[in-house]
Amino acid sequence: MKKIEAIIKPFKLDQVKDALSELGIAGMTVSEVRGFGRQKGHKEVYRGAEYAIDFVPKVKIEVVVDDNLARQAVELITQAARTGQIGDGKIFVTPVEEALRVRTGERGEAAL
Amino acid sequence: MRRARTLTAALLGALPLLLPASALAEAAPPPAISSGDTTFVLISAALVMLMTPGLALFYGGMVRSKNVLGTIMQSFMLLGLISVQWAVFGYSLAFGPDHWHLIGDLSWLGLQGVGGAPNPDYAATIPHQAFMMFQMMFAIITPALICGAFAERMKFSAFVIFSLVWATLIYDPLAHWVWGVGGWMRNLGALDFAGGTVVHISSGASALACAIVLGRRQGYKKTPFMPHNLPMTVLGAGLLWFGWYGFNAGSALAAGDLATSAFTATHLASAAAAVSWVFAERLHQGKPTTLGVASGAVAGLVAITPASGFVGPMSAIIIGLVAGALCYWGVSLKWKFGYDDALDVVGVHALGGTWGALATGLFASKAINAAGADGLINGNPSLLAIQAITVLCTWALGFAGSWVLLKAIDAAVGLRVSPDQELEGLDLSLHGETGYTLGPASGSFAHGGITAAASAALELAPQSSHQ
């Protein structure tokens, strides 16, 4: 099993979710995060005081998939999330040691 | 028509002959209470009262979220503290029988003599008590304004002591000087319709002393001090604008043409200032902001406060246009001089109030209010000089008086929270509360409840009750 962590632009979430569901991946966890890489943040001004906001809002998708689906999933996420502009995000893949379905106790790939 | 009038006059003239002699010896009948005027003043008092919660929201949205409750708490606490202080002795000191042109006495301690009958010295057609209540709301909001200067770092006990003593030794005397019968500024001919000096310059000058004596917040110029909830700030500004109709128009103390004139001037000045602040902002740093439009409106309201019952609508617009741009510039002074006036009380209230008081000296017109005076543009330069004197003296009283008071309180109980309390935020460190626990999971981060308190109570019970 592989865990895919994809940090993407927030407005791309729907597109990525739809792309993954075409692959048969029906579940995922999403969190609202902030981050930056090469994309610059923005400036806010309040009564003349200027603040540089370095961290840009992003969405992180975490999904655990079968080993044989991992490469395809990463491809689909990349295509769905890409705009070609700086700040499109990053994807990380890590091995997963164990997975368990809380309701039934199923383990391994049956839990996914 | 003429014949009827002559007849009526003749009959009235004959009346004394028909009445018993004792009736002729009595004083003129007491002024009649006008239900229209009384309604208007009571409703205006309620409007001004609403300005304090409005201020709480205005300020609350501008601080960091960890201090939102601490900030709101200060305004609401003052609703409690100053109401009682005013009723018990503050009103008497401010408006009571004069001594040395500096202060009233305690003849009206506990509001004795302040009842249903009008006090013609102040407002002849409404109950004295209504006038007192209207004035109470001013007494409450004035120290609340100062809170913006020491936001996010003042000890609660120090704040309570400071506010009560400030109200007694600075506000009450100043109100007496400007509005009390016998007050020296009133006798001098100074014009302050609704409190440009009494409320705004006093709080603004005091705020400067507070910002300097308390010192800068931790992380000054390093940590971002950004507003955490501007929608709340703008809501507060809206409530302030609304309440200000009571503040200014209500100061006519009667429902009629003067109240209308003050209402109009108030609104136009605020509108003009909102536009000019935003315009100045757009020119100076590129984008017009919501904080700017709200701040501009408030600056205009501040500036028109002393002038509202003495100037015409076009003068009000000019006063507002200047106030917006002037105060926009004014809030940048704290960066130049290095005082941490957290919420810009000096830039808006001290500067706006000063401009308004002087503008009254420029634009006042007896055509608008015969009980007032003419200003410079209407051929009377002496009013401007009188206004300048009152401005200077109010600055001195506010600044020096607060400075001394703060130093004394610092020596007694300390002014600032500890560095750790400041970092943690006043909400938790001073009040044990959190402003926002939004989100479905947030309740899951706590445990305990009424059972925790109940079991603690049981532990404190004496041993014998367990047997």
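What follows is calculated from the coordinates using simple rules that are stated; it is not laboratory data. Computed from a predicted structure; not experimentally measured. No Cβ is skipped: glycine too gets one built from the backbone with ideal geometry, and neighbour counts run over all protein chains shown.
Between B:Ile377 and A:Arg34, how high is the FRET efficiency from 1/(1 + (r/R0)^6) when r is the Cβ-Cβ distance and R₀ = 45 Å? Nearest 0.05.
Efficiency, rounded to the nearest 0.05: 0.20.
Across bins of 10 angstrom width beginning at 0, how are the C-alpha pair distances of the range B:76-178 distributed, in whole percent?
With 10 Å bins starting at 0, P(r) equals 15, 47, 27, 9, 1.
Can you give the mean number of other chain Cβ atoms that lie within 10 Å of the Cβ atoms in peptide B:286-293?
The shielding value for this peptide is 2.
Dipole size in debye (nearest 20) for the protein assembly as shown around its Cα centre, Lys and Arg Cβ +1, Asp and Glu Cβ -1?
Dipole about the Cα centre, nearest 20: 1120 debye.
Using 0.36 nm times the number of residues separating B:Gln112 and B:Met314, minus their current alpha carbon distance, what extension gain do you get?
Using 0.36 nm per residue and subtracting the Cα-Cα distance, I get 68.4 nm.
Roughly how tilted is helix B:450-460, in degrees to the nearest 10 and between 0 and 90, from the longest Cα axis of chain B?
Tilt of helix B:450-460: around 80 degrees.
Calculate the spin-label point distance for A:Arg82 paired with A:Asp54, positioning each point 7 Å from the Cα along the beta-carbon direction, and give it in nanometres.
In this crude label model, A:Asp54 to A:Arg82 measures out at 3.0 nm.
What's the center-to-center distance, using Cα atoms, between the range A:1-37 and the range B:254-319 in Å?
Spelled out, the Cα-based centre of one part sits 50 Å from the other.
Applying a 10 Å radius around every beta-carbon, put B:302-314, B:67-79, A:24-36 in order of their mean neighbour count, most first.
B:302-314, B:67-79, A:24-36
Can you find, among A:Gly108, A:Ile86, A:Ile61, the residue farthest towards the positive end of the dipole of chain A? Put +1 on the C-beta of Lys and Arg, -1 on that of Asp and Glu.
Towards the positive end, the residue furthest out is A:Ile86.
Could you sort out which of A:Lys9/A:Lys40; A:Lys2/A:Lys60; A:Lys3/A:Lys40; A:Lys2/A:Lys90 sit more than 25 Å apart by Cα distance in this structure?
Listed pairs above 25 Å: A:Lys3/A:Lys40.
With runs of 4+ DSSP H residues as the only contributors, calculate the mean residue ellipticity of the protein assembly as shown at 222 nm using -39,500 (n - 2.57) per run, divided by the residue total and rounded to the nearest 500.
-17500 deg cm²/dmol
B:Ala46 versus B:Val413, label points 7 Å from Cα toward the beta carbon: distance in nm?
Here the modelled spin labels are 3.4 nm apart.
How compact is the range B:325-393 by the rule of thumb for globular proteins, expressed as Cα Rg over 2.2 N^0.38 Å?
In units of the globular-protein estimate, the range B:325-393 measures up at 1.35.
Compute the angle between helix B:156-166 and the longest alpha-carbon principal axis of chain B, please, reported from 0 to 90 degrees and rounded to the nearest 10.
Roughly 20 degrees between the two axes.
Based on the Cα atoms of the range A:2-99, what semi-axes does the equivalent ellipsoid have, where each is the square root of 5 times one gyration tensor eigenvalue, given in whole Å with the largest first?
30, 13, 11
Between A:Lys58 and residues 5 or more places away or on another chain, which pairs have amide H atoms under 5 Å apart, with H built 1.01 Å from N, and which residues are they?
A:Val33, A:Arg34, A:Gly35
Averaged across the residues of B:171-181, what count of C-beta atoms belonging to other chains lies within 10 Å of each residue's C-beta?
That average works out to 0.
Quote the convex hull volume per residue of the protein assembly as shown, based on C-alpha atoms, as a whole number of Å³.
Residue-normalised Cα hull volume stands at 281 Å³.
What per residue convex hull volume, in Å³, comes out for the range B:206-327 when only alpha-carbon positions are used?
119
Take A:Arg101 and A:Glu75, extend 7 Å from each Cα along the Cα→Cβ direction, and tell me the distance between the two endpoints in nm.
That separation, rounded to one decimal, is 2.8 nm.
So what's the angle, to the nearest 10 degrees on a 0 to 90 scale, between helix A:13-22 and the longest Cα principal axis of chain A?
Here the helix axis deviates by roughly 20 degrees.
Using a Förster distance of 35 Å, how high is the FRET efficiency between B:His447 and A:Asp18, based on the Cβ-Cβ distance and rounded to 0.05?
0.30
How are the C-alpha pair distances of chain B spread across 20 Å bins, as whole percents from the shortest bin up?
Result returned by the calculation: 23, 51, 20, 6, 1.
So for each of B:348-354, B:441-447 I average, over its residues, the number of other beta carbons within 10 Å; can you give me the resulting order with the highest mean first?
The peptides rank, most packed first, as B:348-354, B:441-447.
Sorted by average packing, counted as other Cβ atoms within 10 angstrom per residue and highest first, what order do B:141-147, B:234-240, B:91-97, A:98-104 take?
Top to bottom by mean Cβ count within 10 Å: B:141-147, B:91-97, B:234-240, A:98-104.
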